[in-house]
Amino acid sequence: MTAVLNEVKLMNDKKDRAHRPTRLAAAALVLALAANLSLAQALETAEAPQTVDAIGKLQFHRFADVNAQVAGQIKDVPVAVGDAVREGQLVMEISPAVRANQMESNRAQMARLRAELADQQAQTDFAESQFKRQTQLKAQNATREESFESSRMNVSSARARLDSINAQIQQLEATLKLDEESNRQKQVLAPLSGTVVALNARVGQTVGVGQAALPLMRIADLSQMTVQARVAEADVTRLKRGMTANFQTPGYPGRTWSGKLRQVLPVPADGTGEQGKQTFYNVLFEVDNPEQELMSGMTAKVQFIIQPKPAASVGAP
């Protein structure tokens, strides 16, 4: 019986030795796979780009406000919000406060003054010639003192009247120049090509030069937009001009737009950094908008790429 048991034990030992290399190989394979997986995860983590996240708003990059350059009453507004306009296109017409009959009156007065000037110039020339003759006669003691003084007074008076007419002409010329400029500026032209995005003008409205209220019209070029992102103080020092900035907006889920950082404004954003509030800085970059899908005021979830993922080496195993 003991011999049989010994034989069975011997057979089991042989089987165990036969399977031991297989178990060792399996264990080694598991360890190798785990090691490779950890290495891949480490490499993926090392290659992942470093980013600075921020929230921003889209705004117009290039726009111009249109205001009245002449006092008067709005006669016509041939455009509406959303209309595309070309640079130099008529967008508003103003009836100037200076009426045409007033301009004609000023021109008629100018004609009278020029006629008076010509007449006075002739009288002044005559007075000067008389004074010159009296001066010569006095030098020869051939005239009375009263005649000499009279001629001197006449020439002084003639010159004074001549100067007075010239001054009136200069003043009226300035008035006529303003009248003509006002008449030319009654047609308000678009300062740039773009889209009318704001309109505060209506027919019949009285306007003046340099009004401090809202602009009568705003025209914006929508082919390019600016993203203004608020970046925390702790992150803003990591940003550099020219780095890539990607963003998404809720209006277009899954879509990403890109631009290049243009400027970090060197002053805190409004309402931050005061009374214990966290400080943020405004960061600006542009994005092309050829289809005009992006609109002013849209929210942008921004990622500034600090360290991009390195490109794979050519010929690497």
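The values are calculated or read from the model by the stated rules, or taken from the named source; none is laboratory data. Note that this is a predicted model, so its numbers are computed, not measured. Every residue, glycine as well, gets a Cβ built from its backbone with ideal geometry; the counts of neighbours run over all protein chains shown.
Determine whether the stretch 118-128 contains at least one residue that is in contact with a helix residue (DSSP H, G or I) (Cβ under 6 Å, 6 or more places away or on another chain), in contact (Cβ under 8 Å) with a residue 40 or more places away in the chain and in a helix (DSSP H, G or I).
Scanning the stretch 118-128, I find at least one residue that is in contact with a helix residue (DSSP H, G or I) (Cβ under 6 Å, 6 or more places away or on another chain), in contact (Cβ under 8 Å) with a residue 40 or more places away in the chain and in a helix (DSSP H, G or I), so the answer is yes.
Taking the stretch 130-155 as the region of interest, how many residues are exposed (fewer than 12 other Cβ atoms within 10 Å of the Cβ) and either touching a Ser or Thr at 6+ places or on another chain (Cβ under 6 Å) or among the polar types (S, T, N, Q) (or both)?
Residues meeting the conditions: 3.
Go through the stretch 259-297 and give me each residue that's of a type in the set (Phe, Trp, Tyr) and either farther than 19 Å from Val52 by Cα or under 19 Å from the mean Cα position of the chain (by Cα) (or both).
Listed by number, the list holds a single entry, Phe285.
Scan Val188, Val203 and give me the residue that is at pLDDT below 95, part of a strand (DSSP E or B) and farther than 16 Å from Ile306 by Cα.
None of the others qualify; the one that does is Val188.
Quick one: is Asp163 farther than 30 Å from Ala71 by Cα, within 59 Å of the chain's Cα centre (by Cα) and in a helix (DSSP H, G or I)?
Answer is yes for this residue.
Could you please give the count of residues in the stretch 241-258 that are surrounded by fewer than 16 Cβ atoms within 10 Å (Cβ to Cβ) and under 22 Å from the mean Cα position of the chain (by Cα)?
Number satisfying all stated conditions: 3.
Do we have any residue at all in the stretch 56-70 that's in a strand (DSSP E or B), polar (S, T, N, Q) and over 25 Å from the mean Cα position of the chain (by Cα)?
no
So in the stretch 82-133, with the set limited to residues that are of a type in the set (S, T, N, Q) and within 27 Å of Val66 (Cα to Cα), which one is modelled with the lowest pLDDT?
Looking at the filtered set, the residue picked out is Ser95.
Taking the stated definitions as given, is Arg133 more than 53 Å from the chain's Cα centre (by Cα), within 30 Å of Ser151 (Cα to Cα) and charged (D, E, K, R)?
The answer is yes for Arg133.
Output the qualifying pairs, or none if there are none: Cβ atoms under 9 angstrom, residues six or more apart or on different chains, first residue in the stretch 243-262 and on the phi > 0 side of the Ramachandran plot, second residue modelled with pLDDT of 95 or more.
Note: pairs meeting the criteria are Gly254/Gln248.
Exactly one condition in (1) surrounded by fewer than 16 Cβ atoms within 10 Å (Cβ to Cβ); (2) of a type outside the set (Lys, Arg); (3) touching a residue at least 60 places away in the same chain (Cβ under 8 Å) is not met by Ile94; state its number.
Going through (1) surrounded by fewer than 16 Cβ atoms within 10 Å (Cβ to Cβ); (2) of a type outside the set (Lys, Arg); (3) touching a residue at least 60 places away in the same chain (Cβ under 8 Å) one by one, Ile94 breaks only (1).
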